[in-house]
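Worksheet: one structure, shown below.
The values are calculated or read from the model by the stated rules, or taken from the named source; none is laboratory data. All of these numbers come straight from a predicted model, not from anything done at the bench. Here the Cβ positions follow ideal geometry from the backbone for every residue, glycine too, while neighbour counts run over all protein chains shown.
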């Protein structure tokens, strides 16, 4: 998994995603160009790959760089998990890899972690 300190400046144009955002595992398109805004905030997301014994208490990592999506109909090929607190986790709808981010239920805003997708 890429380090959060990785430089993503080349993926941003005018505060939005410069190119398509795709699943790292199956290359399914998640967002088309210029449809999400870059934002930085601290969030703890469960690791994509978990050990079987961690099902009830998943390992997490701190993530801080996101694509912010204000309308869930902007997405291509994204699935939503069951509700966990005030959130739903985002997954690739084609291969079900994830979470690639989360949907904040009260604000209705979704966040896709830059480190969990590829940029084309």
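Quick rundown of the values:
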quantity: Options 41, 31, 47; residue that is within 18 Å of residue 115 (Cβ to Cβ) and buried (at least 16 other Cβ atoms within 10 Å of the Cβ); calculated: 31
quantity: Residue match in region 99-106 (condition: touching a helix residue (DSSP H, G or I) at 6+ places or on another chain (Cβ under 9 Å), more than 14 Å from residue 25 (Cα to Cα) and crowded, with 20+ Cβ neighbours inside 10 Å); calculated: yes
quantity: Those strands (runs of 3 or more DSSP E) lying entirely in region 68-109 with at least 3 residues at pLDDT 95 or above; calculated: 87-92, 101-104
quantity: For residue 108: the one exception among (1) without any contact (Cβ under 8 Å) to a residue 40 or more places away in the chain; (2) touching a strand residue (DSSP E or B) at 6+ places or on another chain (Cβ under 9 Å); calculated: (2)
quantity: Scope region 28-60; condition assigned to a loop (DSSP other than H, G, I, E, B) and modelled with pLDDT of 95 or more; matching residues; calculated: 28, 32, 33, 34, 35, 36
quantity: Checking residue 96 against (1) surrounded by 15 or more Cβ atoms within 10 Å (Cβ to Cβ); (2) within 15 Å of residue 27 (Cα to Cα), the condition it does not meet; calculated: (1)
